[in-house]
Amino acid sequence: LKNEGTEDVRITSAVTSCMCTEGKIGNMKFDMHSATGGYVTIPAGGEETLTAIYDPLAHGSDSTGKITRELTLMTNSTETPEITVRLSANVVKNQ
């Protein structure tokens, strides 16, 4: 994520849309229920890598097909208080 603004942006919390997905940004790790590791500050003009981890077996071994998951970051920004990243994939069974 790139902060193209003129002020630092602090990510205060984050969640995912499903138990099968986890996220990480800076020292913060998060899932559907909680976030750990404190807050993350992206300085004006700075960047931070957002990582999504999807576990296709979380819903059972027969869970295949199209999926959409979201990672939502809450910030201190009045302009962008929430950032949602949506990921889509087609889960296939490994033969």
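The values are calculated or read from the model by the stated rules, or taken from the named source; none is laboratory data. What you see is a predicted model; the values in this text were computed from it and never measured. Note: ideal-geometry Cβ built from the backbone for every residue, glycine included; neighbour counts use all protein chains shown. Just the protein is used for accessible areas: all its heavy atoms, side chains included, with ligands, DNA and RNA removed. Shrake-Rupley method; radii C 1.70, N 1.55, O 1.52, S 1.80 Å.
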Using the Cα centre of the chain as the reference point, and only Cβ charges (+1 on K/R, -1 on D/E), how large is the resulting charge dipole? Debye, rounded to the nearest 20. 360
Per the 1.4 Å probe, what fraction of the accessible area of the chain, in percent, lies on carbon and sulfur atoms? 47
Mind checking which lysines have their Cα closer than 22 Å to the Cα of LYS29? Skip sequence neighbours fewer than 8 apart in that chain. LYS2
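Taking 0.36 nm per intervening residue step and subtracting the Cα-Cα distance, what contour gain separates ASP62 from SER17 on full extension?
Roughly 14.2 nm would be gained on extension.
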Of the options SER77, HIS33, HIS59, report the single residue whose Cα projects farthest towards the positive end of the charge dipole of segment 23-95 (beta-carbon charges: Lys, Arg +1; Asp, Glu -1). HIS59
